[in-house]
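Data first, discussion second: the structure below is written as structure tokens.
Bear in mind these aren't lab numbers, they're just calculated from the coordinates by the rules spelled out. In this text, all values refer to a predicted model and were calculated from it rather than measured experimentally. Cβ placement follows ideal geometry from the backbone for every residue including glycine, while neighbour counts extend to all protein chains displayed.
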Amino acid sequence: MNFGLRIALASLSTHKLRTILAMLGVFLGALALTGVQHVSQAMVRKAEIETEKLGPNLFMARAGNIRFRRSGGSGATGDIRTFKVADAYAVIEGLPAAASGAPFTQAPMEIRAGSVKVPSTLVGSTPEYLHVRSLELAQGRFFNQQELHDRAMVCVLGSNIAERLFGGPDAAVGREVYFFRARLRVVGVCLPKGADIVGTDQDEQVFVPLSTYMRRMANTDAITGVYVELAPGADPEQARSSATGILRQRHGLQPGQPDDFFVLTARDTIELQQQALDLVSVLGLISSSVSFAVGGLGILSIMILLVRARRLEIGVRRAVGARRGDIVAQFLFESGLLSGVGGALGVVVALVLLGALYALSPFPAVFDPLLIAAVPLGSVALGLAAGAYPAWQASRYEILDIIRSRG
């Protein structure tokens, strides 16, 4: 094997440019396949982690129709003013599987402290929102039932908002902020939470009592929807069906009329994201397959050229006793080595790039040992397949024919 390796390295080094070009296709295929598949797995894992943080039993009914953006966020379209507070409590009380719930409304709104202004999402809800959305406080407290009843002008800041306005949570509690002319006192700051399952950055939100928002800030009787925490072991599909029936009845929708709301579970968003990521994976497989095909053709072409250039070597080896099988094995070894090195280099570069991506992004570090091992092995198999015909061609050369052609 050491003798065969020396022959292979000497042969490939003689035609360096051809060798590099032949390896390039396999290298790019391995790089694309390893990179895209790992990024897809990391995105799925990130979505699963967010679901675990939020709680797998979270259940949401919301006005309008869901629309997922390419950027990863979501929004509602259609009539979004049909959802009322009474609808939210009808869902909470009408679902036997509901453990707790919180009606909510939200709207983008600029917040100001002194001369500093930053964009935010204003969320009006009830004290139950803290538990239902699994929020934790870094400083202070959440607003209470008395403040909800009194329509108190108090608020709780997301961590990013507190950092931008006051330099941190410690300096925020007790200070005053403004939404246009509405002045609110900060009573708490949440711990960093990150984006939720529908892409909303919870650290950019400001929470106020629902009654304060509806009566003293926006003067509206419509809300965005309701979050419901289902009891452990509850069937989300049964809860969805029940909530749909309750809301259709309350909204006076006749059979055949489309819903003016949507019902979403935490698992639904995982499935929707998985569908989008499946498309990314398929596109990655197509691009890597094209690169592998180009690489295979490159290896086939260079091996054919090597066989023709090494006719004398083949004749000498046959003359000193090499069998046809030895010639086939030598050229298969060279083609497999060529493709295997290209595939291994592609995997190594992909892992380096993935390490940098994981370090600079919120994606969890996901490395698939099976995929990492399979790509170089698949590259070797590709090289063997591409080198099969040139190896067979080399084994068919007759010693006398080679001598005559040299003469």
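P(r) for the range 83-259, from all Cα pairs and a bin width of 5 Å, is 1, 8, 16, 20, 18, 14, 9, 6, 4, 1, 0 %, short bins first.
Return the percentage of antiparallel bridges among DSSP beta bridges fully within the range 83-259, rounded to the nearest 5 %. Walk me through the intermediate numbers first.
Values: 28 of 37 bridges.
In the range 83-259, approximately 75 percent of DSSP beta bridges are antiparallel ones.
At what distance in angstrom do the alpha carbon centres of the range 217-234 and the range 324-340 lie from each other? Here the two parts' Cα centres lie 67 Å apart. From most to least packed by mean Cβ count within 10 Å, the peptides 118-125, 364-371 give 118-125, 364-371.
Modelled spin-label separation between residue 297 and residue 115, with each label point placed 7 Å from Cα along the Cα-to-Cβ direction: 6.5 nm.
Using a Cα-Cα cut-off of under 18 Å, which lysines could be cross-linked to residue 46, ignoring same-chain neighbours fewer than 8 residues away? Within the straight-line limit of under 18 Å, residue 46 reaches these lysines: 193. For the peptides 350-360, 160-170, 23-33, the ranking by packing is 23-33, 160-170, 350-360, with the highest mean count of neighbouring Cβ atoms within 10 Å listed first.
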